[in-house]
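What follows is a short report on a single structure.
The values are calculated or read from the model by the stated rules, or taken from the named source; none is laboratory data. Quick caveat: nothing in here was measured; it's all calculated off a predicted structure. We place every Cβ from the backbone using ideal geometry, glycine too, and count neighbours over all the protein chains shown. For accessibility, only protein heavy atoms count, side chains too; no ligands or nucleic acids. Shrake-Rupley method; radii C 1.70, N 1.55, O 1.52, S 1.80 Å.
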Amino acid sequence: MDKSAGQKRAAHFLFPQLDPFDQRMLDVGEGHCLYVEQCGNPAGIPVVVLHGGPGGGCSPAMRRYFDPAEYRIILFDQRGCGRSRPHASVENNTTWHLVRDIEMIRETLGIDRWVVFGGSWGATLSLLYAQTHPDRAAYLILRGVFLMTQAELDWFYGGGAGQFWPDLWARFTDLIPADERSDMIGAYHKRLFSGDLSLEIRHARAWASWENALASIDHDGPGAVAPAEYARAFARLENHYFQNAGFLERDDQILANVPLIAHIPATIVQGRYDMICPPTSAWRLAERWGRAELKMVPLAGHALSEPGISAELVRTTRAVQRQATGLGF
């Protein structure tokens, strides 16, 4: 399966493109309005999709991992990014605001329990949401697990991944004076929140480029320059969350609280060669979580769009669909 998956484009495994049957702006308070959409079958299995970043926003491709005849697919842009407003704002924008927003969306849409689907930061948020509201998550589908630990931040922003990509790491670090490079997150924070728009955009693009270049196992360089508006929101929000350690109370909070979700079944899809979120996090999570099945995808990196990752995620959503009655849907 994985060999054949790697020989095909990710789109081959996805369901056809579809349009939302509902789009709205939801006022969640504190000056924030979120873009929320629903696709598929209004009477289907409800699934909420949590995008990565923080600050990445949702995309039409994310609708296509679910059979639209069987699923009620809910996507939204988290605070400060995508079509949500105010754009690139970090005011009243923490992990716990986002967890509360997810609950508000569930209540607004009249959903009792739902499947939670998230990758990278979306996996982080899925886990924290489920640990906060364990009676509302019926099943978790996670991809590219990120546990929001200092070790993971050190790996990606402290030179670990840079040992594999020294040329791209140099592009990322060269914008920062040598005496500040021991804390790249802090150094970029100064510039992303400088108040100088041109300076913010320059560093935002460098921040986004470093991450995007390492997302897929099959790439040949830094890639295209991100649009200024997208890069600024993505970099500011991501940096804001990382500068504040995800607003968690302790570094190992997610792993320590696995007992809170021990009863919830889950599938974890992880690329073997994920340079952004190394597989050790997914492995440690699965070891502690008896009802979680870890599916390691060979010859795959981090990106949702990797063919092997996409194939496994669609296989998982189909499997959950077959379990709908047992899950209470």
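Do we have any residue at all in the range 184-192 that's assigned to a helix (DSSP H, G or I), open to solvent by 70 Å² or more (accessible area, probe 1.4 Å) and of a type outside the set (Val, Ile, Thr)? Yes: the range 184-192 contains one or more residues that are assigned to a helix (DSSP H, G or I), open to solvent by 70 Å² or more (accessible area, probe 1.4 Å) and of a type outside the set (Val, Ile, Thr).
Tell me, please, whether a residue that is touching a residue at least 12 places away in the same chain (Cβ under 8 Å), open to solvent by 80 Å² or more (accessible area, probe 1.4 Å) and either over 22 Å from Ala138 (Cα atoms) or among the β-branched types (Val, Ile, Thr) (or both) can be found in the range 296-304. Yes, the range 296-304 contains at least one residue that is touching a residue at least 12 places away in the same chain (Cβ under 8 Å), open to solvent by 80 Å² or more (accessible area, probe 1.4 Å) and either over 22 Å from Ala138 (Cα atoms) or among the β-branched types (Val, Ile, Thr) (or both). Of the helices (runs of 4 or more DSSP H) lying entirely inside the range 247-329, those containing at least 1 residues that are aromatic (Phe, Trp, Tyr) are 280-288. Within the range 42-81, the only residue that satisfies the criterion of being among the hydroxyl-bearing types (Ser, Thr, Tyr) and open to solvent by 10 Å² or more (accessible area, probe 1.4 Å) is Ser59.
If we scan the range 1-15, do we find a residue that is of a type in the set (Asp, Glu), open to solvent by 30 Å² or more (accessible area, probe 1.4 Å) and part of a helix (DSSP H, G or I)? Steps first, answer last, please.
Filtering the range 1-15 for residues of a type in the set (Asp, Glu) gives 2.
Subset that is open to solvent by 30 Å² or more (accessible area, probe 1.4 Å): 2.
Next, only the ones that are part of a helix (DSSP H, G or I) stay: 2.
Looking for residues that are of a type in the set (Asp, Glu), open to solvent by 30 Å² or more (accessible area, probe 1.4 Å) and part of a helix (DSSP H, G or I), one finds at least one in the range 1-15, hence yes.
Residues in the range 91-113 that are under 14 Å from Gly29 (Cα atoms), part of a loop (DSSP other than H, G, I, E, B) and open to solvent by 10 Å² or more (accessible area, probe 1.4 Å): Glu91, Asn92, Thr94.
All conditions in (1) modelled with pLDDT of 95 or more; (2) aliphatic (A, V, I, L, M); (3) surrounded by 15 or more Cβ atoms within 10 Å (Cβ to Cβ) hold for Ala256, with the sole exception of (3). For the range 305-315, the count of residues that are touching a helix residue (DSSP H, G or I) at 6+ places or on another chain (Cβ under 7 Å) and farther than 20 Å from Gly52 by Cβ is zero. Taken as a whole, the structure places Leu237 among residues that are part of a helix (DSSP H, G or I), in contact with a Cys (Cβ under 9 Å, 6 or more places away or on another chain) and of a type outside the set (Phe, Trp, Tyr).
Ala130: open to solvent by less than 50 Å² (accessible area, probe 1.4 Å), in a helix (DSSP H, G or I) and closer than 26 Å to Ala228 by Cα, yes or no? Lay out the reasoning, then the answer.
Details: open to solvent by less than 50 Å² (accessible area, probe 1.4 Å): yes; in a helix (DSSP H, G or I): yes; closer than 26 Å to Ala228 by Cα: no.
No; evaluated as a whole, the condition is false for this residue.
Annotation note: of Arg291, Arg232, Arg322, Arg318, the sole residue that is crowded, with 18+ Cβ neighbours inside 10 Å and either without any contact (Cβ under 8 Å) to a residue 60 or more places away in the chain or in contact with an Asp or Glu (Cβ under 9 Å, 6 or more places away or on another chain) (or both) is Arg232.
Please work out if Trp210 is assigned to a helix (DSSP H, G or I) and either open to solvent by 10 Å² or more (accessible area, probe 1.4 Å) or within 20 Å of Thr94 (Cα to Cα) (or both). Walk me through it before giving the result.
Numbers: assigned to a helix (DSSP H, G or I): yes; either open to solvent by 10 Å² or more (accessible area, probe 1.4 Å) or within 20 Å of Thr94 (Cα to Cα) (or both): no.
So Trp210 does not fit the description; no.
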